[in-house]
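**Student:** The following block contains the structure, expressed as structure tokens.
The values are calculated or read from the model by the stated rules, or taken from the named source; none is laboratory data. Note that the structure is a prediction, hence the values are computed from the model and not measured. Glycine gets a Cβ as well: all are built from the backbone with ideal geometry, and neighbour counts include every protein chain shown.
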């Protein structure tokens with residue numbers, strides 16, 4: 001394998017499906033939100049034993065904490081399996097994380113609160129990648145197309161033109177006419 005060909009081309013598609021699935025949705029946001037829901041739901045019902053002494057962390061709003069934790073786990077799964085509602089799920093996760101502070105032992109001893117807050121923020125800010133435009137590229141069969149030693153030109157990478165803004169010629173320079181036509185605004189390019 002040479003430096004011209006990335007290793008991902010040699011990976012079979014069956015082994016690559018989880019990676020593709022993970023990259024098409026807010027995976028880490030959903031995982032953080034679900035991790036945040038566990039301590040929020042568990043801690044109001046849990047107790048710790050230190051020798052003969054039992055420390056109960058139960059609150060009067062235990063059922064509300066359980067509902068908040070279960071909702072956070074559900075929102076995390078929603079982020080994974082319905083990425084179209086990622087903004088709603090992210091905002092709802094943030095609101096539930098904030099509500100968990102007074103309801104569930106400071107939001108699951110702050111750990112659940114922080115995970116749910118970060119997961120909700122990641123979900124609300126996540127955007128899907130733009131689809132790759134089909135370009136006419138030569139099919140690589142695993143062998144280099146040209147060699148530097150043979151005197152041939154090195155292979156160049158094809159760059160899609162949609163990634164760059166439209167280039168204007170010299171006739172489109174900003175003049176008095178163009179500033180008047182744009183309502184007094186001058187374009188920068």
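**Student:** For residues in segment 47-62 being at pLDDT 75 or above and in a loop (DSSP other than H, G, I, E, B), which is farthest from the chain's Cα centre (by Cα)?
**Tutor:** 52
**Student:** Also: State whether one or more residues within segment 96-105 are outside any loop (DSSP other than H, G, I, E, B), at pLDDT below 80 and either surrounded by 13 or more Cβ atoms within 10 Å (Cβ to Cβ) or under 19 Å from the mean Cα position of the chain (by Cα) (or both). It would help to see each step written out before you state the result.
**Tutor:** We begin by selecting, within segment 96-105, every residue outside any loop (DSSP other than H, G, I, E, B); these are 96-103, 105.
Now narrow it down to the ones that are at pLDDT below 80: 105.
Still in the list and also either surrounded by 13 or more Cβ atoms within 10 Å (Cβ to Cβ) or under 19 Å from the mean Cα position of the chain (by Cα) (or both): 105.
Yes: segment 96-105 contains one or more residues that are outside any loop (DSSP other than H, G, I, E, B), at pLDDT below 80 and either surrounded by 13 or more Cβ atoms within 10 Å (Cβ to Cβ) or under 19 Å from the mean Cα position of the chain (by Cα) (or both).
**Student:** Looking at segment 108-131, which of the residues that are more than 17 Å from residue 85 (Cβ to Cβ) and out of contact with any helix residue (DSSP H, G or I) (no Cβ under 8 Å at 6 or more places or on another chain) is modelled with the lowest pLDDT?
**Tutor:** For segment 108-131, the residue satisfying everything is 131.
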